[in-house]
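Written out below as structure tokens is the structure these notes cover.
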Amino acid sequence: MPPAPVDRLLLGITGGIAAYKTAELVRLLVGQGNEVDVVMTEAARQFVTPVTLQAVSGRPVWHDPWDPRVPNNMAHIELTRDKGLVLVAPASADFIAKLANGLCDDLLSTLCLARDCPLAVAPAMNRQMWENPATRRNIQRLLDDGIEVWGPAAGDQACGEVGMGRMLEPTQLAERVARAFTPKTLNGLRVLVTAGPTFERIDAVRAITNLSSGKMGYAIARAAWEAGAEVTLISGPTALVPPPVARIAQVSSAQEMLAAVNAFVPDADIFVSVAAVADYHVLNPSDQKIKKDAHILTLELAPNPDILASVSALADPPFCVGFAAESENLDEFAEAKRRRKNLPLLAANFVQTAFGADDNALVLFDDDGRHPLPRASKLEQARMLVAHIARLYQPR
Ligand code: C5P
């Protein structure tokens with residue numbers, strides 16, 4: 001297989017204390033397969049050294065518009081010509097004002113003006129500077145010019161004040177970079193995803209649940225977000241950091257998950273049912289902790305509703321994608337499940353290798369047959385599944 005094309009970006013660093021986080025940002029970007037060229041302003045070099053950024057990016061770091069290392073001596077043109085994105089992080093109030101007005105008096109501002117690729121800025125400044133009418137005007141002008149503004153977030157500031165103006169964290173910026181490089185195959189579509197286990201209460205401290213970690217469902221929510229979808233994630237109890245999707249509903253039992261799905265499904269174009277929904281719930285859970293004095297304790301269990309089957313049976317269902325976790329006869333059981341639940345697409349995996357693991361090997365079943373995906377991380381699997389959904393999806 002030919003090597004995957006490298007997603008190249010230029011990271012511009014301006015003068016703000018958040019510049020100290022850019023070494024970590026570059027490390028994350030390189031780790032997710034990006035090639036990163038760094039350009040620093042004079043002020044940025046007061047906060048972090050070019051040597052640090054050269055070490056983590058593995059590439060020369062630039063700041064001088066007259067740098068003779070660029071073959072035709074036009075760093076302000078050449079440095080962006082092979083890039084898919086320019087990200088300025090942190091973007092100071094001063095740099096944002098320059099961008100808003102087309103000023104170009106150093107290498108970074110000049111190459112931003114001369115670029116022919118998308119530009120995103122991650123503002124970072126004191127809350128009063130962020131709220132100042134001049135900054136508000138400048139930010140609006142950037143948005144009007146098609147420049148993306150990522151953040152800022154609210155919270156503690158280096159100056160000791162609290163409010164809006166913190167740069168997004170490196171992990172949040174890195175996930176937005178991944179999104180920027182993803183083809184928008186689900187652009188504007190509304191995708192509903194269920195993830196994780198359900199938790200069926202027995203008493204005040206005990207429950208019936210299962211080993212689902214939620215990793216696969218969260219990865220699918222993230223992959224759909226990267227592909228431009230408006231994503232709603234309905235999650236059973238997990239220990240995962242949520243992806244940056246439009247909305248997240250935390251639920252516990254299958255009944256709660258069903259209620260949340262019913263609330264959101266009328267607005268969904270695509271429903272991906274990844275949750276490992278418990279098949280049964282306890283008929284009479286106790287509000288108090290059950291004491292262990294009984295020799296034999298009998299729990300009465302009643303079947304849970306099949307959430308996916310109820311959605312696919314709607315008069316005008318969204319495009320429904322099911323999951324099957326099997327311990328044997330994967331193909332036979334998965335295809336039977338797909339037909340029984342009337343699904344255009346079902347993704348199957350072995351419980352022995354899927355539950356809790358970080359990677360997976362899904363097999364997709366649709367009307368054209370069986371499509372095994374190569375073993376990869378759950379995020380890579382999710383991206384392949386999303387690409388497959390985008391190919392099959394027909395607007396209602
Ligand atoms: O449990 P089962 O193997 O039938 O699960 C297959 C698919 O149905 C999965 O996508 C799962 O999320 C969904 N399901 C559901 N409600 C249930 C049981 C399963 O939505 N009660």
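The values are calculated or read from the model by the stated rules, or taken from the named source; none is laboratory data. Since we're looking at a predicted model, the values are computed, not measured. Reconstructed Cβ throughout: ideal geometry from the backbone, glycine too, with neighbour counts over all protein chains shown. In case anyone asks, the SASA skips ligands and DNA or RNA and just uses the protein heavy atoms, side chains included. Shrake-Rupley method; radii C 1.70, N 1.55, O 1.52, S 1.80 Å.
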- Identify the single condition in (1) assigned to a loop (DSSP other than H, G, I, E, B); (2) open to solvent by less than 30 Å² (accessible area, probe 1.4 Å) that residue 220 does not satisfy, given that it satisfies every other one. (1)
- Quick one: in the stretch 228-243, which of the residues that are farther than 13 Å from residue 197 by Cα and out of contact with any strand residue (DSSP E or B) (no Cβ under 9 Å at 6 or more places or on another chain) is least open to solvent (accessible area, probe 1.4 Å)? 228
- Query: Within the stretch 1-53, can you find the residues that are among the polar types (S, T, N, Q) and within 19 Å of residue 70 (Cβ to Cβ)?
  - Reply: 41
- Message: Condition first: among the small types (Gly, Ala, Ser) and over 25 Å from residue 120 (Cα atoms). Now tell me which residues in the stretch 169-203 satisfy that.
- Response: 195, 196
- Please enumerate the residues belonging to the stretch 133-178 that are among the β-branched types (Val, Ile, Thr), in a helix (DSSP H, G or I) and buried (at least 16 other Cβ atoms within 10 Å of the Cβ). 135, 139, 177
- Note on the structure: Residues in the stretch 309-326 that are part of a strand (DSSP E or B) and within 13 Å of the ligand (Cβ to nearest atom) total 7
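Do we find a residue being under 21 Å from residue 248 (Cβ atoms) and touching a helix residue (DSSP H, G or I) at 6+ places or on another chain (Cβ under 8 Å) anywhere in the stretch 128-140?
No, the stretch 128-140 has no match at all.
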- For the stretch 265-301, what are the residues that are in a helix (DSSP H, G or I) and either more than 14 Å from the ligand (Cβ to nearest atom) or crowded, with 22+ Cβ neighbours inside 10 Å (or both)? 266, 267
- Task: Within the stretch 191-207, count every residue that is closer than 20 Å to residue 352 by Cα and either more than 25 Å from the chain's Cα centre (by Cα) or open to solvent by 10 Å² or more (accessible area, probe 1.4 Å) (or both).
- Result: 0
- Task: Name the one entry in 304, 329 that is open to solvent by 50 Å² or more (accessible area, probe 1.4 Å) and either among the aliphatic types (A, V, I, L, M) or within 14 Å of the ligand (Cβ to nearest atom) (or both).
- Result: 329
- Query: For the stretch 56-92, which residues satisfy the criterion of being open to solvent by 20 Å² or more (accessible area, probe 1.4 Å) and part of a helix (DSSP H, G or I)?
  - Reply: 56, 76, 77, 78, 81
- Message: Restricting to the stretch 332-356, give me the number of residues that are within 12 Å of the ligand (Cβ to nearest atom) and in contact with a strand residue (DSSP E or B) (Cβ under 7 Å, 6 or more places away or on another chain).
- Response: 12
- Query: How many residues, within the stretch 179-217, are in contact with a Gly (Cβ under 9 Å, 6 or more places away or on another chain), in a helix (DSSP H, G or I) and farther than 27 Å from residue 35 by Cβ?
  - Reply: 2
- So which residues in the stretch 112-124 are touching an Asp or Glu at 6+ places or on another chain (Cβ under 9 Å) and surrounded by 20 or more Cβ atoms within 10 Å (Cβ to Cβ)? 119, 120, 121
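Given the options 53, 10, name the one that is part of a strand (DSSP E or B) and either free of Cβ contacts under 8 Å to residues at least 40 places away in the same chain or of a type outside the set (Lys, Arg) (or both).
Working: 53 fails: part of a strand (DSSP E or B).
Checking each option against the conditions leaves just 10.
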- Query: Just checking, how many residues over the stretch 347-379 are assigned to a helix (DSSP H, G or I) and open to solvent by less than 80 Å² (accessible area, probe 1.4 Å)?
  - Reply: 5
- Task: Can you run down the residue pairs with Cβ atoms below 6 Å, 6 or more apart or on separate chains, where the first is in the stretch 164-184 and in contact (Cβ under 8 Å) with a residue 24 or more places away in the chain and of a type in the set (D, E, K, R) and the partner is buried (at least 18 other Cβ atoms within 10 Å of the Cβ) and not in a loop (DSSP other than H, G, I, E, B)?
- Result: 179/226
- Query: Which of the residues belonging to the stretch 102-111 are open to solvent by 20 Å² or more (accessible area, probe 1.4 Å) and either under 14 Å from residue 177 (Cα atoms) or in contact (Cβ under 8 Å) with a residue 40 or more places away in the chain (or both)?
  - Reply: 106, 110
- Message: Suppose we filter the stretch 227-245 for residues that are outside any loop (DSSP other than H, G, I, E, B) and touching a Pro at 6+ places or on another chain (Cβ under 9 Å); how many remain?
- Response: 3
